[in-house]
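Structure first, commentary second.
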Amino acid sequence: MSIRVVVSGAAGRMGATVCEAVEGAPDMELVGRADPSLGVSVSAALASGKPDVVVDFTIPSTAVDNIKTCLAAGVDVVVGTSGWDQDAVRGLSGGKVLFAPNFAIGAVLMMKFAAEAAKYMPRAEIIELHHDKKLDKPSGTAARTAELIGGDPVVHSVRLPGLVAHQEVILGDVGQTLTIRHDSIDRHSFMPGVLLAIRRVGSLEQTLTVGLEHVL
């Protein structure tokens, strides 16, 4: 039986790529595209498509309302939007929410390796580089990396045309540095992680789970 999926933010670059990936997945069915530019709200897409999962790639100011709408309808949500207030959905019920600051498997590994290295090297700084249309600073990936590393590392944010999504963590100790870097050079790098999240979000125990590593 196919997983019925609605994509919120379907007219954006990430949303359009998610739609393409869902349509190409043999165990999924794209049943709705929600986006203000398409004239379709999340509520309307829920009513017409009756999805099992909604994937949200929108903007921080609308993500929380979208998530609440989905949970009220008993629908699970996979969230790629960063910069929204996670506390606003903690304690809610009706479905499960998986928020991944980054869906690229390599980025998840980069964060894991950086957190491990920080146990042995006393200082770290994070440089995150994204395309010039990205709204939030620092990125969700950088914020999550800083949380995992601990010690309140400095984060440098770069926004330039020509970039997609890149991050490096530079750790320093006496007489040495260690650099851990991940580069997404195409948005398709996120799609295996998105599809994995769609398949597994319903099996999570808590209402809100942060990090793709919990379903790997």
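Quick note: the coordinates plus some simple rules give every number you see, no bench work behind them. On a predicted model such as this, the values are computed, not experimentally measured, just so you know. Here the Cβ positions follow ideal geometry from the backbone for every residue, glycine too, while neighbour counts run over all protein chains shown.
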Semi-axes, largest first, in whole Å: what does sqrt of 5 times each Cα gyration tensor eigenvalue give for segment 42-164? 30, 17, 12
Calculated from DSSP helices alone, with each H run of at least 4 adding -39500 (n - 2.57) and the total divided by the residues of the chain, [θ]222 nm to the nearest 500 comes to -9000 deg cm²/dmol
Sequence neighbours fewer than 8 away in the same chain don't count; with that in mind, list the lysines whose C-alpha is under 20 Å from Lys68. Lys50, Lys96
What are the semi-axes of the equivalent ellipsoid of segment 105-185, taken as the square roots of 5 times the eigenvalues of the Cα gyration tensor, listed largest first and rounded to whole Å? 22, 12, 11
For segment 144-216, convex hull of alpha carbons as volume per residue, Å³: 145 Å³
So how far, in whole Å, is the C-alpha centre of segment 1-43 from the one of segment 60-139? 19 Å
Percent of alpha-carbon pairs separated by more than 24 Å within the chain: 41 percent
How about segment 96-155: which chymotrypsin sites (Phe, Trp or Tyr not before Pro) there lie in a loop by DSSP and see at most 13 other Cβ atoms within 10 Å? Tyr120
What are the ³J(HN,Hα) values, in whole Hz, obtained from phi via the Karplus relation 6.51 cos²θ - 1.76 cosθ + 1.60 with θ = phi - 60°, for each residue of segment 105-113 in sequence order, with x given for Gly and Pro? 4, x, 5, 4, 5, 4, 5, 4, 5
Return a whole-number percent for the relative contact order of segment 106-216, with Cα pairs under 8 Å and 6 or more residues apart as the contact set. 28 percent
Within the chain, what's the longest run with no trypsin sites (Lys or Arg not before Pro) in a DSSP loop and at most 15 other beta-carbon atoms within 10 Å? Give the range, please. 1-89
